[in-house]
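Working notes, beginning with the structure itself.
The values are calculated or read from the model by the stated rules, or taken from the named source; none is laboratory data. It should be emphasised that the depicted structure is a prediction, and the values quoted were computed from it without experimental measurement. Quick reminder, even Gly has a Cβ in these numbers, built from the backbone with ideal geometry, and neighbours come from all protein chains shown. Note: accessible area is taken over every heavy atom of the protein model, side chains too, but ligands, DNA and RNA are not part of it. Shrake-Rupley method; radii C 1.70, N 1.55, O 1.52, S 1.80 Å.
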Amino acid sequence: MTSLSRDDVAKLAGLARIEMSDEELVALSNEFTVILDAVARVQEVASADVEATSHPLPLRNVFRPDVVAPSLTPAEALSGAPAQEEQRFRVPQILGEE
Amino acid sequence: MTLTYDDVVAKYEPVLGLEVHVELNTHSKMFCSCSTIFGAEPNTQTCPVCLALPGALPTVNEKAIESTIKIGLALNCSIAPFSRFARKNYFYPDMPKNFQISQYDEPICVNGYVDVEIETDEGPQTFRIEVERVHMEEDTGKSLHVGGATGRIHGAEYSLLDYNRAGIPLVEIVTKIVPGTGKYAPEVARAYVAELRDILRSLGVSDVKMEQGSLRCDANVSLRLIGSDVLGTRSETKNVNSLRSVERAVRGEMIRHAELLNNGERVVQETRHFQEDTGLTRSGRSKEQAEDYRYFPEPDLVPVAPDAAWIETLRASLPERPSIHRKRLQEQWSVPDKEMSAMINADVLDVVEATVALGADPAKARGWWLGEISRISNEKDVAIKELGISAADVAEIVALVNAGELTDKLARQVVEGVIAGEGKPAEVIAARGIKVVNDDSELMAAIERACAAQPETAQKVRDGHVPAAGALIGAIMKETKGQADAARVRELLLGHLGQGSN
Amino acid sequence: MIRNSASEMASKLASGEITSVELTQAHLDRIQAVDTDVHAFLYVDTEGALTQAAAVDAKRKSGEKLSPLAGVPLALKDVMTQKGIPTTCGSKILEGWRPPYDSTVVTNLKKNDIVILGKTNMDEFAMGSSTENSAYGPTHNPWDLTRIPGGSGGGSAASLAAFEAPLAIGTDTGGSIRQPAAVTGTVGVKPTYGGVSRFGLVAFSSSLDQAGPCARTVLDAALLHEAIAGHDPKDSTSINAPVPAVVAAAKSGDVKGMKIGVVKELNGDGYQPGVRKRFEESLELLAAAGAEIVEVSAPNFEYALAAYYLIAPSECSSNLARFDAMRYGLRVGDSDGASAESVMNLTREVGFGREVKRRIILGTYALSSGYYDAYYGSAQKVRTLITQDFNKAFEIADVLVSPTCPTTAFKIGEKANDPLAMYLNDIATIPVNMAGIGGMSLPSGVADEDGLPVGFQIMSPVMKDERMYSVGASLEAALLSKWGAPLLSKIPALAGGQ
Ligand SMILES: [Zn+2]
């Protein structure tokens, strides 16, 4: 039986950038015990000799010519911005590396 | 106590790893049709795709794939018959999708090499740098940090994002680890990046301007005790933005690591940032806690599977390797090593070649580009190739001098005029009224006037004191506004004053 | 007039009996009257629809040659971008966002002069089977307002059953077109993957998502299918081949000599008796129409659900990363000194509903280093096995059939706290998405025990979509002659309606 602890879920929530209350973490951790058991069934038939399909169509080499097409206007580009300044998207301070 | 570089290499063996990111010079972005022109107004080159608006889908730029395959071929790589894009998942505001479309375990080019030659104590020596992979990905947007003291990210109150650069095609070239360079590690690193730059330029796939960031180098350095085969912990110095900095960064990191190790401290596996002013690196993000990028095949794109015919067409289009090309030119032109290096360092080899191709004598062509034109470039602080004078202009000027229609001095005026934007050489000549005075009777009249004006000097020359003729020649040249051929003036003057045999 | 099929409306428009403005207004009035109860729509574009209708009428008057569905109104699932019109995907995180561009489906609708009435309700980001996961409240099944209309495209299906629109656009990742069609007594088609462009379809699971037509008749679905399908250079996974001749197939409805394969694994325990009964009956009708009924086996289908609940969450964990409060949509916690990271965290906490978060976390886990091979990697192998099962089955049969869902519509709230029970609704529809083939659901009657609609699913090989239309049209005709009137004529009247 696979299970995810509250801390495991917290780590995943961090990776996925979702703040979660303690209550929510615990609830998800409980649900995952059931869900993971169900989905882990894929391992029963996924033997080494079976190829992986990442895509339903066997398409190859779909390209676009290197030709410039009109962009959005800056007003359109910024139309959904929660905040903007000097024709740029204004975002809160970015922590971390330069 | 600061270690000297000699101390470091006496005890430790450096192991290099170099990752070079190259922005391709396609017209449109990697996954959308927005323009890639550098320096446009913020957010004028964005669309639903490169802004990652909900519902938008990427499409692959064919030219970018071709350029990447060409790079792979030029670096002696195998081209994978099947390769895929993958999503590299991590959150960062300058990356609109919060994943980068890159390549993971199925890159398009693998297993190549580049040979570089450097000068060692024992003479020129060749080092082989093995290339692990060449893959395609996309660039991020640019952030402007507001608030804070220096415009840097730390202490900034907020940031402003411009996504014009988001989605510019990037090719990443990753070497295998490079052992065995010993004390020459910094020079080898520099020579590798320089050679790569020349190859990319010869392919015409990138502007390769390190200062504009179209070619960026990350240098991984670790040290191991000489004789040991245990690799040390590496640091990764990001975005080293000039050839000189590559050399300095590697040397600096070698010394920093050695000091830590000598003091019994641990080298931390981390990203470091090169400081152009001090030549030192500053600690960035620690990589102790490895990022989990959750790579998986990009479901919005289909695999790239170049067939042999396509690859062979691209291979046939490759230009001569720059190092071989240079050797051939040097032989053809009989240029001494020193002059050859001068041309390479001044970055004029290609224009000299173009000038020669238009009929100019190699020595003359070289003389103009390395001499007068370089001088003006320095004086104006404008790159030679941005001065506005072309190989065709120089070839034309050289031809006019050969035909006796310009003197060297007049030719310099023409060069100056072309650079000043007065037009093509013929236009400058016409507009400035430049012409060689080669009518002997006109010159004789001027000579007689000069001798009459300076009778004492003329007498000295008659008495056999030839160097005194200079003052007279100067006066004559001044009178003819420099348009006379100085040699002819001298010949006529000396003849006139009875010194014709000289 | 609103109870006609879309093709009937189209002929009345063509003959000049009605105008598009009248027809559009009639539907807007109907929405006004019944949508408080049904809640199929998240946004009604009254002005835009009437303007578009007037333009079509003008074109018709000037004698311009128009497309078959010109002037007929349509409801658009709120997962498709339409320039300037709010697009929420049923999520708080996109509240108020107006896209600056049209999806290719919308471009095609506009090209065909199909009048867009507004945007329909859905499970948040298409994750769900009941439309209960919409951040804007559930949609109610017009057959019984206490029941779910299916999901994720419950709004589109309910708008058809409630006569608020004769046509709708849905999207189907694991059954989101077909299951709502089944439980509302309407027709829903998931075309072959790559048959209809995904450009402008807000991605849930890129390798599974497919937009398709929703309608009240097979022919109407075919007409809409041909209007929206075709190669699109903006979608690299779009198929560069002619659109299958689905309208011709729907018009002929000929199944003589066709082999119809009943998938053994999709018709047994766990299927409601009334569902099975209607299914058997439909098979008899098809046999009577000249088709040969054969049994096929797809042993790996039992792993489809597990694989789906790894692949879809994995892809969605990455697709939904862009909702980060930086460039558009909701922004929470942007107070003095807040960091971009904390604003992202808070916004995604508040902006996403519970099911979306559950799947993002599950997908993040399935892709994470050390677990990738066991989960995502294994699921992709199951995908190969399912495709192989289909390939073998299609060697025996021209199309495959099954009940669309194991049960009829359940009560709102009944399964809300049991994700696994909810996931089981899609057991028969998911294999189709895994293999990228075509699938259709059409009504086969109502279950004896509860009087609620039952769906019949037809599956056809890649780019052979015309086959399911032939079979669907044949069955539809047989059922119609048996019933004497369309199934929806039996739907109880809605309080607000006439
Ligand atoms: Zn773009």
Seminar exercise, completed: Expected sort for B:312-323, B:440-451, C:194-205 on mean C-beta neighbours within 10 Å, highest first, is C:194-205, B:440-451, B:312-323
Exercise. Which are the unpartnered cysteines of chain B, meaning those with no other cysteine Cβ under 4.7 Å from their Cβ?
Worked result: B:C32, B:C34, B:C47, B:C50, B:C217, B:C451
Exercise. Can you pull the Kirkwood radius for the stretch B:320-432, inverse mean 1/r over Cα pairs, to one decimal in Å?
Worked result: 14.3
Problem set entry | Computed [θ] at 222 nm, helices only, for the protein assembly as shown once each DSSP H run of length n ≥ 4 contributes -39500 (n - 2.57) | -11500 deg cm²/dmol
Exercise. Can you give the accessible area per residue of the protein assembly as shown, in Å², using a 1.4 Å probe?
Worked result: 38
For this session: Any chance you could run the full-extension gain for B:Q212 through B:S283? It's 0.36 nm times the residue separation minus the Cα-Cα distance, nm to one decimal.
Result: 23.2 nm
For this session: Rank by packing, highest mean first: peptides C:83-90, C:424-431, with packing defined as the count of other Cβ atoms within 10 Å averaged across residues.
Result: C:424-431, C:83-90
For this session: Only Cα pairs under 8 Å and at least 6 apart count here; give the relative contact order of chain B as a rounded whole percent.
Result: 14
For this session: Between the alpha-carbon centers of the stretch B:380-438 and the stretch C:122-165, tell me the distance in whole angstrom.
Result: 78
For this session: Please give the net charge around C:A338, taking every other residue with its beta carbon less than 15 angstrom from that of C:A338, where Lys and Arg add +1 and Asp and Glu add -1.
Result: -3
Seminar exercise, completed: Here FRET efficiency (C-beta to C-beta, C:I293 to C:E95, R₀ 51 Å, nearest 0.05) is 0.55
Problem set entry | Accessible area buried between chains C and A, both sides summed, probe 1.4 Å, in Å² to nearest 100 | 4900
Seminar exercise, completed: Hydrodynamic calc, chain A: Kirkwood Rh from Cα pairs, then Stokes-Einstein at 25 °C with viscosity 0.890 mPa s, so D in µm² s⁻¹ is 126
Problem set entry | Buried area at the C-B interface (accessible, heavy atoms, 1.4 Å probe, summed, Å²) | 2600
For this session: Give me D for the stretch C:397-498 in µm² s⁻¹, whole number, from Stokes-Einstein with Rh from the Kirkwood sum over alpha-carbon pairs, 25 °C and 0.890 mPa s.
Result: 159
Exercise. With axes computed from alpha carbons, what is the tilt in degrees of helix B:408-419 against the longest principal axis of chain B, rounded to the nearest 10 within 0 to 90?
Worked result: 40
Exercise. P(r) for chain B: what percent of alpha-carbon pairs falls in each 10 Å bin, starting at zero?
Worked result: 4, 15, 21, 21, 16, 9, 7, 5, 2, 0
Exercise. How far is helix B:322-333 tilted off the main Cα axis of chain B, in degrees rounded to 10, range 0 to 90?
Worked result: 10
Exercise. Ordering C:L42, B:L280, B:L160 by how much accessible area each has at a 1.4 Å probe, largest first, what is the list?
Worked result: B:L280, C:L42, B:L160
Seminar exercise, completed: Once both label points are put 7 Å beyond Cα along the C-beta direction, the B:K435-C:Q25 separation in nm becomes 8.7
For this session: Report the calculated FRET efficiency for B:T233 and B:D6 (r = Cβ-Cβ distance, R0 = 25 Å), to the nearest 0.05.
Result: 0.60
Exercise. Considering only DSSP beta bridges whose two residues both sit in chain C, what percent are antiparallel, to the nearest 5?
Worked result: 65
Exercise. For peptide B:301-310, how many partner chain Cβ atoms fall within 10 Å of a residue's Cβ, on average?
Worked result: 4
Problem set entry | Calculated log₁₀ intensity ratio I(q)/I(0) where the Debye formula runs over C-alpha points of the protein assembly as shown, q = 0.05, 0.09, 0.10 Å⁻¹ | -0.43, -1.05, -1.21
For this session: Over the alpha-carbon set of chain C, divide Rg by the Kirkwood Rh and report the Rg/Rh ratio to two decimals.
Result: 0.95
Problem set entry | Whole-percent pair-distance distribution, where bins are 10 Å wide, for the alpha carbons of the stretch C:253-383 | 11, 24, 20, 19, 15, 8, 3, 0
For this session: Hydropathy first: keep DSSP H helices in chain C averaging at least -1.0 on Kyte-Doolittle, then drop any whose Cα extent along the axis falls short of 18 Å, and list what survives.
Result: C:20-38, C:46-61, C:273-288, C:304-319, C:354-367, C:378-396, C:465-483
For this session: Go through B:A219, B:Y158, B:V15 and say which Cα lies farthest out towards the positive end of the charge dipole of chain B; charges sit on Cβ, +1 for Lys and Arg, -1 for Asp and Glu.
Result: B:Y158
Exercise. Ranked highest first by average number of other Cβ atoms within 10 Å, how do C:252-258, C:459-465, C:179-185 line up?
Worked result: C:179-185, C:459-465, C:252-258
Problem set entry | Listed residue (B:S78, B:N241, B:V418) projecting farthest to the positive dipole end of chain B, Cβ model | B:N241
For this session: Within 10 Å of each Cβ in peptide C:355-366, how many partner chain Cβ atoms are there on average? Round it to a whole number, please.
Result: 6
Exercise. How far is it, in nm, from the label point at A:A75 to the one at B:E416 when both lie 7 Å from their Cα along the line to the Cβ?
Worked result: 5.2
Exercise. How compact and how long is the stretch A:1-46, expressed as Rg and Dmax of its alpha-carbon atoms in Å?
Worked result: 11.9, 37
Problem set entry | Cα-based convex hull volume of the stretch C:108-203 per residue, rounded to whole Å³ | 97
Problem set entry | Computed over the stretch B:440-496, Cα set: Rg, Dmax in Å | 10.0, 29
For this session: Using every pair of alpha-carbon atoms in the stretch C:182-224, split the distances into 5 Å bins beginning at 0 and state the percent of pairs per bin, rounded to integers.
Result: 5, 22, 26, 20, 17, 9
For this session: Assuming R0 = 56 Å, can you tell me the calculated FRET efficiency for the pair B:K327 and B:V268, based on Cβ-Cβ distance, to the nearest 0.05?
Result: 0.80
Seminar exercise, completed: If one compares the long axis through the Cα atoms of helix B:62-74 with the longest principal axis of the Cα atoms of chain B, the angle in degrees, nearest 10, works out at 80
Problem set entry | Residue-level accessible surface for C:D209, protein heavy atoms, 1.4 Å, Å² | 0
For this session: Enter the mean number of other protein chain beta carbons within 10 Å of the beta carbon of each residue in C:385-392, as an integer.
Result: 2
Problem set entry | Distance violations [Cα-Cα > 18 Å] among C:K277/C:K482; C:K77/C:K251; C:K77/C:K411; C:K77/C:K190; C:K59/C:K111; B:K380/B:K481 | C:K77/C:K251; C:K77/C:K411; B:K380/B:K481
Problem set entry | Hull-based mean projected area of the stretch B:5-288, where the convex hull spans the alpha carbons, in square nanometres | 16.1
Seminar exercise, completed: Descending accessible area (1.4 Å probe), largest on the left, turns B:K364, B:K238 into B:K364, B:K238
For this session: Note down the Stokes-Einstein diffusion coefficient of the stretch C:214-291 in µm²/s, whole number, using a Kirkwood radius over alpha carbon pairs, 4 °C, and 1.567 mPa s.
Result: 84
